[in-house]
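The values are calculated or read from the model by the stated rules, or taken from the named source; none is laboratory data. Bear in mind the structure is a predicted one, so any value in this text is a computation, not a measurement. Cβ coordinates were reconstructed from backbone atoms using ideal geometry, including for glycine residues, and neighbour counts include every protein chain displayed.
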Amino acid sequence: MVSMSVAGAMRNKRRGGICGQDPNDYPEFSVILVQDGINSISLNFDSVMKITMKIKRMKDSLRDASRGRKRRTGREYLESSVPAG
């Protein structure tokens, strides 16, 4: 449902943002939001670095993938970064 809201905002040339606890508690949610094209995410002070680094790694991975390998979605990135076991 959030992805649909982000897509609707983009389609109507509006900015989309989210605040709340979920991006802080679930870093993978933040990655998916960025992949979907969200403009802003509010984070708690104690999670800013962790979330920012996770998003940076995802963007780097997508950039690297677009330079020769199959482009991965944010969800594919998350699935590949989850330890096996």
### Query
Is there any pair with a first residue in the range 46-67 that is more than 15 Å from L33 (Cβ to Cβ) and a second that is charged (D, E, K, R) whose Cβ atoms are under 8 Å apart and which are 6 or more apart or on different chains, and what are they?
S61/R72; A65/R71; A65/R72
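Can N44 be described as under 13 Å from the mean Cα position of the chain (by Cα) and of a type in the set (S, T, N, Q)? Give the derivation first.
Numbers: under 13 Å from the mean Cα position of the chain (by Cα): no; of a type in the set (S, T, N, Q): yes.
It is false that N44 is under 13 Å from the mean Cα position of the chain (by Cα) and of a type in the set (S, T, N, Q).
If you go through the range 74-85 one residue at a time, do you hit one that is modelled with pLDDT of 70 or more, closer than 20 Å to G16 by Cα and surrounded by 10 or more Cβ atoms within 10 Å (Cβ to Cβ)? Show your work before the answer.
Step one: list which residues in the range 74-85 are modelled with pLDDT of 70 or more, which gives none.
For the range 74-85, residues modelled with pLDDT of 70 or more, closer than 20 Å to G16 by Cα and surrounded by 10 or more Cβ atoms within 10 Å (Cβ to Cβ): absent.
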### Query
Given the conditions (1) part of a loop (DSSP other than H, G, I, E, B); (2) surrounded by 11 or more Cβ atoms within 10 Å (Cβ to Cβ); (3) modelled with pLDDT under 85, which single one is not true for G68?
(2)
### Task
Return the only residue of K54, K50, K13 being among the basic types (K, R), part of a helix (DSSP H, G or I), at pLDDT 85 or above and loosely packed, with under 14 Cβ neighbours inside 10 Å.
K50
